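The values are calculated or read from the model by the stated rules, or taken from the named source; none is laboratory data. Note that the structure is predicted; figures quoted are calculated from it, not measured. Note that we place each Cβ from the backbone using ideal geometry, even for glycine, and neighbour counts take in every protein chain shown. Ligands, DNA and RNA are stripped out before the accessible areas are found, and what is left, the full protein with its side chains, is counted by its heavy atoms. Shrake-Rupley method; radii C 1.70, N 1.55, O 1.52, S 1.80 Å.
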Amino acid sequence: MEQYDFRRMSIYQIWVRSFCDGNGDGIGDLYGVYDKLDYIASLGVDAIWFSPIYPSPNADFGYDVSDYRAIHPDYGTMEQFQRVLHRAHELGLKVLLDLVINHTSDQHPWFLESRKGADNPYSDYYFWRDPVIRRKGNKPPNNWSSQFAGSAWEYAPERRQYYLHLFSKNQPDLNMDNPRVREEIKDIMRFWLDMGVDGFREDVITYISKREGLPNGLPWLPVVNGMHHYKDGPNLLRYLAEFRAVARKYGAVQIGEAPMTGVKRALRYVCGEDRVLDMLIQFQPMMADCFLTEYLHHAFSLRKLKRAFSRWQYGLAGRGWNALYLENHDHPRIVSRYGSARYWRESATALAASYIFQQGCPFVYQGQEIGMTNIRLNSIEQYLDVASQNLYHMFHKNEPQEKRMQRIHVSSRDSARTPVQWSGAPNAGFTTAAEPWFYVNQNYPNINVERQEREPDSILNFYRAALALRKGNETLLRGDYREYHRHSGTHYLYERTLGGERILVAISFAHHPIRIRLPEPWRDQSPALLLSNYPDPAPGALRPYEAQVWKMRPKH
Ligand code: GLC
Ligand code: CA
């Protein structure tokens, strides 16, 4: 089947547990999603990506799947999912599911069988290796570390072997080299595609092929030791091509999550008619205030952010298509990271303009459209994310406790997982239950959807205006990208051009007014304003976090 034109889409991401509780038990669900579909459509997006909604023991909140063909009872039933799917389609929204197949839950029936011994049909569904025998006790088969800190191996006494888990010990890695495992994955894909799902976001898909022999990683790496032996691994392209053949039959779209992948490598996946993925979720724009992971925090660098943006804009130009995002369920809230508390509205809208008008598909993560901010909990016990827990307990163990809590405050994924703030009602209108499943950010009386619906210049309405502008403008959709003033530490300036049309996006990241010298073709012009986050903008003059989008008027 022919593929739909995904390049025009913008995509809204739902992490359902915290989106909206429809049945009053304190947990977000598909009833709440159903009720909010009109709201989602009102944003002007074209698709929804659901983070995992399958049964899961929630060791990693859905990214540990125990049944790939069902709906988590907390979120509703299969019938309810089909209602959501049907209504979304009526509203013109595509539906993408999260395909989490690098690993399963340790409670998945495959793993429960596999760990029993080396002689059942599921024995080779995972990576099992013997311990390395040492006089002082047994050691894991290699020195790889988990993405969530600690060893990537866990001993299973029943089988007297270790199993590999690149994430938590409750997420054993599937052995994709086993052809039967790949057939299972294809069946799962068909199951959802037959139901009418429009494609997948594929979780850490670039990790699924491990180097043969599982050799040791470089011992001195502080985090993710061993990564170069499984990231973009030897058989990855071959496996992806097999999955692609299934997706192609349905015209489905595939978006691959690719941590630490650079442009050069990305081009192998996303170019041309025979590409194996349509877009990559790459991580470079997430590293403008940290090193490799948010846990290793440093001050925000606008230059670093712009370098990341432009590297991908130029790198994929004419060849691939970018996935554009500043938030998802794995990263703290962007306005708390790259924006400003003092200029909260201005910086949240400036950040929106910084990425939505680049070439690619913009993603908006639930709550981002109202400028939700990070949460700050007092003790580590209050944090629920396994990554935060592990990092706190296993990494930088010798640092004082306050320092480690500070690292959690700036890095925790839980900041993106607080309930969406719908209104000023108790619990932000997220639930009618007395207690929501997780802490509501106490700034909800000020930051909520209902209030921003009423305010014409709210962050919410800016997102709507920005997405509508992009959608209706061929230059913003397809035009070439060019950056100016790339060394500036105060502003981000880029142009989009198509045929004779030129659009200029100017964004200040400064706390004081600045003047910028416009690029040559824009001097002595009185361009037409397309969008701004301040009243009465003037080209070349930017107030704190001012964002301006200009179109050059045709010459007479
Ligand atoms: C991806 C997911 C993240 C999860 C990890 C393991 O990075 O986005 O939430 O923890 O994979 O599945
Ligand atoms: Ca519920």
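Tell me yes or no: at least one residue of region 155-163 is open to solvent by 30 Å² or more (accessible area, probe 1.4 Å), farther than 26 Å from Glu212 by Cα, more than 16 Å from ligand 1 (Cβ to nearest atom) and part of a loop (DSSP other than H, G, I, E, B).
So far as region 155-163 goes, no, none of its residues is open to solvent by 30 Å² or more (accessible area, probe 1.4 Å), farther than 26 Å from Glu212 by Cα, more than 16 Å from ligand 1 (Cβ to nearest atom) and part of a loop (DSSP other than H, G, I, E, B).
Which helices (runs of 4 or more DSSP H) sit wholly inside region 251-357 and have at least 3 residues that are among the charged types (D, E, K, R)? Before the answer, list the steps.
Details: elements: 263-270, 302-316, 334-337, 344-356.
The qualifying helices (runs of 4 or more DSSP H) are 263-270, 302-316.
Mind listing whichever residues of region 483-513 are hydroxyl-bearing (Ser, Thr, Tyr) and farther than 18 Å from Leu302 by Cβ? Before the answer, list the steps.
We begin by selecting, within region 483-513, every residue hydroxyl-bearing (Ser, Thr, Tyr); these are 484, 488, 490, 492, 494, 497, 508.
Thr497, the sole residue that qualifies.
Which one of Pro332, Pro362 is more than 24 Å from Met405 (Cβ to Cβ) and touching a residue at least 40 places away in the same chain (Cβ under 8 Å)? It would help to see each step written out before you state the result.
Values: Pro332 fails: more than 24 Å from Met405 (Cβ to Cβ).
Going through Pro332, Pro362 in turn, the sole match is Pro362.
Which members of region 375-395 meet the condition of being out of contact with any Asp or Glu (no Cβ under 7 Å at 6 or more places or on another chain), without any contact (Cβ under 8 Å) to a residue 60 or more places away in the chain and part of a loop (DSSP other than H, G, I, E, B)?
Arg376, Asn378, Ser379
If you check Gly367, Gly315, which single one turns out to be modelled with pLDDT of 95 or more, open to solvent by less than 20 Å² (accessible area, probe 1.4 Å) and more than 16 Å from the chain's Cα centre (by Cα)?
The unique qualifying residue is Gly315.
May I ask you to list the residues in region 49-94 that are more than 13 Å from ligand 1 (Cβ to nearest atom) and either modelled with pLDDT under 95 or farther than 22 Å from Asp194 by Cβ (or both)? Spell out how you get there, then give the answer.
In the first step, residues of region 49-94 are kept if they are more than 13 Å from ligand 1 (Cβ to nearest atom); the result is 53, 55, 57, 66-94.
Residues satisfying the conditions are Pro57, Pro73, Asp74.
Any chance region 431-441 includes a residue that's under 21 Å from Ser51 (Cα atoms) and open to solvent by 30 Å² or more (accessible area, probe 1.4 Å)?
The answer is yes, given that some residue of region 431-441 is under 21 Å from Ser51 (Cα atoms) and open to solvent by 30 Å² or more (accessible area, probe 1.4 Å).
Name every residue in region 266-313 that is among the hydroxyl-bearing types (Ser, Thr, Tyr) and touching a strand residue (DSSP E or B) at 6+ places or on another chain (Cβ under 7 Å), in order of residue number. Before the answer, list the steps.
First, pick out the residues of region 266-313 that are among the hydroxyl-bearing types (Ser, Thr, Tyr): 269, 293, 295, 301, 310.
If the condition is that a residue be among the hydroxyl-bearing types (Ser, Thr, Tyr) and touching a strand residue (DSSP E or B) at 6+ places or on another chain (Cβ under 7 Å), then Tyr269, Ser310 are the ones that fit.
If you take the residues in region 12-28 that are open to solvent by 20 Å² or more (accessible area, probe 1.4 Å) and not in a helix (DSSP H, G or I), which one is farthest from ligand 1 (Cβ to nearest atom)?
To start, the set of residues in region 12-28 that are open to solvent by 20 Å² or more (accessible area, probe 1.4 Å) comprises 17, 22-25, 27.
Still in the running and not in a helix (DSSP H, G or I): 22-25, 27.
Details: Gly22: 23, Asn23: 25, Gly24: 27, Asp25: 23, Ile27: 18 Å.
Result: Gly24.
So which residues in region 17-56 are on the phi > 0 side of the Ramachandran plot and within 15 Å of ligand 2 (Cβ to nearest atom)? Step through it out loud before you land on a result.
Step one: of region 17-56, the residues on the phi > 0 side of the Ramachandran plot are 24, 26, 44.
Passing the criteria: Gly24, Gly26.
In region 106-113, is there at least one residue being under 24 Å from Pro52 (Cβ atoms), among the polar types (S, T, N, Q) and modelled with pLDDT of 95 or more? Let's see the steps before the verdict.
Step one: list which residues in region 106-113 are under 24 Å from Pro52 (Cβ atoms), which gives 106-113.
Of the ones still in play, those that are also among the polar types (S, T, N, Q) are 107.
Then drop every residue that is not modelled with pLDDT of 95 or more, which leaves 107.
Yes, region 106-113 contains a residue that is under 24 Å from Pro52 (Cβ atoms), among the polar types (S, T, N, Q) and modelled with pLDDT of 95 or more.
If the requirement is being buried (at least 17 other Cβ atoms within 10 Å of the Cβ) and over 14 Å from His329 (Cβ atoms), which of these qualifies: Asn390, Asn378, Asn398? Show your work before the answer.
Values: Asn378 fails: buried (at least 17 other Cβ atoms within 10 Å of the Cβ); Asn398 fails: buried (at least 17 other Cβ atoms within 10 Å of the Cβ).
Asn390 is the lone residue from the list that is buried (at least 17 other Cβ atoms within 10 Å of the Cβ) and over 14 Å from His329 (Cβ atoms).
Which one of Asn427, Asn390 is out of contact with any Pro (no Cβ under 8 Å at 6 or more places or on another chain) and of a type outside the set (A, V, I, L, M)?
Result of the check over Asn427, Asn390: Asn390.
Restricting to region 280-312, and then to whatever is under 19 Å from the mean Cα position of the chain (by Cα) and of a type in the set (Phe, Trp, Tyr), can you tell me which residue is surrounded by the most Cβ atoms within 10 Å (Cβ to Cβ)?
Going through the qualifying residues, I end up with Trp312.
Filter region 210-242 down to the residues that are surrounded by 20 or more Cβ atoms within 10 Å (Cβ to Cβ) and either assigned to a loop (DSSP other than H, G, I, E, B) or under 19 Å from the mean Cα position of the chain (by Cα) (or both) and list them by number.
Lys210, Val224, Asn225, Gly226, Tyr230, Lys231
I'd like to check something: does region 479-494 contain any residue that is under 25 Å from the mean Cα position of the chain (by Cα), within 16 Å of Met372 (Cα to Cα) and of a type in the set (Phe, Trp, Tyr)?
The answer is no; no qualifying residue exists.
Which of (1) open to solvent by less than 10 Å² (accessible area, probe 1.4 Å); (2) aromatic (Phe, Trp, Tyr); (3) in contact with a Gly (Cβ under 8 Å, 6 or more places away or on another chain) is the odd one out, the single condition Tyr383 does not satisfy?
(3)
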